[in-house]
């Protein structure tokens, strides 16, 4: 176990459990005579131990695919060409026309999210 993690004090956290899950947890806690907190921590740790390697492998696979793609088209010329072909394939009735959209009163009075 990582000593840095072990030295950190446990933090109270609130999660909503489905009623069926909550009832099962209460019953298991009584039968095993163990605190629900201990059972929840053990269950979550087991889940994380199972899921994290899978997620890590998926991310590594995605990264390898991206690297392979980049090696085959380092300047993105093929990707740019595919985009241009896709754009040229269909006629755009509005191409070259400026379309001005009226802002509704609800968006006009709204502040930007970063403000």
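Throughout, read-outs are computed from the coordinates displayed, never taken from laboratory work. In this text the structure is predicted, and so the values were computed from the model without any measurement. Reconstructed Cβ throughout: ideal geometry from the backbone, glycine too, with neighbour counts over all protein chains shown.
GNM, the chain, Cα, under 10 Å: largest mean-square fluctuation among 98, 40, 31? Highest fluctuation of the listed residues: 98. Could you work out how far helix 77-89 tilts from the main Cα principal axis of the chain, as a 0 to 90 degree angle to the nearest 10? Approximately 70 degrees, to the nearest ten. Taken along its principal axes, the alpha carbon cloud of the chain reaches lengths of 73, 49, 31 Å, longest axis first. Shown for region 39-101 is the translational diffusion coefficient from the Stokes-Einstein equation, using the Kirkwood radius over Cα pairs, a temperature of 4 °C and a viscosity of 1.567 mPa s: 79 µm²/s.
Here the sum of -39500 (n - 2.57) over DSSP H runs of 4 or more residues, divided by the residues of the chain, equals -20500 deg cm²/dmol at 222 nm, to the nearest 500.
Comparing 50, 42, 97 in a Gaussian network model of the chain, where Cα atoms under 10 Å apart are tied by springs, the biggest mean-square fluctuation is seen for 97. Listing 15, 69 from fewest to most neighbouring C-beta atoms within 10 Å gives 15, 69. Sorting 70-77, 23-30 by average packing, meaning the other beta carbons within 10 Å per residue, from highest down gives 23-30, 70-77. So which residue, out of 78, 65, 11, gets the largest mean-square fluctuation from a GNM of the chain using Cα contacts under 10 Å as springs? The residue that fluctuates most here is 11.
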